[in-house]
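Have a look at the structure below before the remarks.
The values are calculated or read from the model by the stated rules, or taken from the named source; none is laboratory data. Keep in mind that this is a model prediction, so the values were computed, not measured. Cβ: placed from backbone, ideal geometry, glycine included. Neighbour counts: every protein chain shown. Just so you know, the surface numbers come from the protein's heavy atoms only, side chains and all, with ligands and any DNA or RNA stripped out. Shrake-Rupley method; radii C 1.70, N 1.55, O 1.52, S 1.80 Å.
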Amino acid sequence: MKLVSYNIQYGFGSDGRYDLARCAKVVAGADIIALQEVERHWLRSNEDDQPEILSRLLPEYHWVYGPAFDMDASERREGRIVNRRRQFGTMVLSRLPIVWSRLHTLPLRRTVRPLNTRNAALECMIRIPAGPVRVLSLHLAHIAAEERLEQIDYLLAEHRRAPSDGGPWSGADDEPVRNWSNGEPQPENPLAAIWMGDFNMEPGSAEYRRIVGSTPYHRGAAYLDGFVDAAAVASEPAGDFHTHVKTIDGGLTKRRLDHCFVGGMFAGRVRSVSADIGEIASDHFPLRVDIDLETPFATGTGGA
């Protein structure tokens with residue numbers, strides 16, 4: 001299956017032009033798409049409802065949008081209030097149905113300067129051919145490693161207790177007349193997970209090591225409840241691999257800030273990882289992952 005993660009910078013390209021349609025063209029064709037910096041009703045983007053526009057540009061996908069923060073943008077028209085919310089967050093689109101989703105608003109440190117904003121991780125459970133998997137589209141803090149470490153610790157704790165927590169509902173329905181289950185079986189909350197997004201960290205950093213661990217004694221080691229960097233285990237590593245370019249201290253710096261981390265059960269399934277370094281639809285480059293999500297999990301590894 002083809003996965004893509006893309007920080008679309010609310011539709012503004014590296015050429016300064018606002019164009020959501022070209023962002024949609026970049027990601028079209030993937031099986032699962034994780035987007036960051038998607039917004040609703042901002043002056044800078046024509047007050048567009050970007051999730052709605054993207055859903056129309058990509059009509060073959062199921063989708064969920066998760067706002068990291070939410071502000072009033074309502075208007076009074078013809079004597080009545082038109083309720084609108086100014087939002088900024090992440091989005092997941094999938095060719096397969098998104099069974100359930102939830103939004104994690106991540107720990108935030110209040111700053112004096114510079115501007116800091118709330119971050120979030122949108123979690124979506126999808127039943128892929130291999131079995132149920134939780135896909136997260138996330139965006140971590142851009143200011144300091146300390147804040148990112150707090151956010152990662154929160155997400156790791158949520159990840160490891162997922163199977164024991166269960167999904168949106170669990171247990172036998174003792175009030176069938178109320179039909180809480182809507183006739184559906186108890187939804188899974190598996191251990192199997194894939195994290196994609198703009199992590200604002202580079203390989204080898206403290207935050208990166210918090211996710212993948214220190215260099216193992218056995219190369220290629222993978223814990224069932226842990227994560228591996230898809231790029232580190234890809235059978236076809238890309239050359240000149242970076243996802244962001246910025247001028248820092250007068251020099252042009254290439255950085256890999258966007259990542260895909262896969263649960264230990266996927267460690268041997270990643271085929272290739274690459275970045276489209278020629279794209280100009282955003283200030284980031286799209287991260288593409290080709291991974292076997294068709295072969296069923298071995299018994300006990302999916303963790304429903």
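One table, with the values for the structure above:
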{"quantity": "Local electrostatic count, Asp198, Cβ distance below 9 Å [Lys/Arg +1, Asp/Glu -1]", "calculated": "-2"}
{"quantity": "Kyte-Doolittle mean at least 0.0 and Cα axial length at least 18 Å: DSSP H helices in the chain", "calculated": "none"}
{"quantity": "Estimated 222 nm signal from helices in the chain, with DSSP H stretches of n ≥ 4 weighted -39500 (n - 2.57), rounded to 500", "calculated": "-4000 deg cm²/dmol"}
{"quantity": "Accessible solvent surface per residue of region 59-212, calculated while the other protein chains remain in place, 1.4 angstrom probe, Å²", "calculated": "51 Å²"}
{"quantity": "Listed residues Phe69, Phe88, Phe261, most fluctuating in the chain (Gaussian network, C-alpha, under 10 Å)", "calculated": "Phe69"}
{"quantity": "Residue with peak Gaussian network fluctuation, the chain [Cα springs, cutoff 10 Å], from Asn116, Asn83, Asn46", "calculated": "Asn83"}
{"quantity": "The chain - charge dipole about Cα centre, Lys and Arg +1 at Cβ, Asp and Glu -1, debye rounded to 20", "calculated": "420 debye"}
{"quantity": "Once exposed loop GluC sites (Glu not before Pro) are cut out (DSSP; at most 13 other Cβ, 10 Å), longest piece of the chain", "calculated": "79-293"}
{"quantity": "Lys/Arg +1, Asp/Glu -1 at C-beta; region 69-163 dipole; positive extreme among Ser74, Val135, Thr117", "calculated": "Ser74"}
{"quantity": "Cβ-derived FRET efficiency at R0 22 Å, Asn116 paired with Asn46, nearest 0.05", "calculated": "0.30"}
{"quantity": "Carbon plus sulfur fraction of accessible area for the chain, probe 1.4 Å, in percent", "calculated": "49 percent"}
{"quantity": "As computed over region 148-304, the Cα convex hull volume per residue (Å³)", "calculated": "172 Å³"}
{"quantity": "Highest-MSF residue in the chain out of Ala234, Ala221, Ala267 [GNM, Cα springs under 10 Å]", "calculated": "Ala221"}
{"quantity": "Tail beyond 18 Å, pair distance distribution of region 1-52 (Cα, percent)", "calculated": "29 percent"}
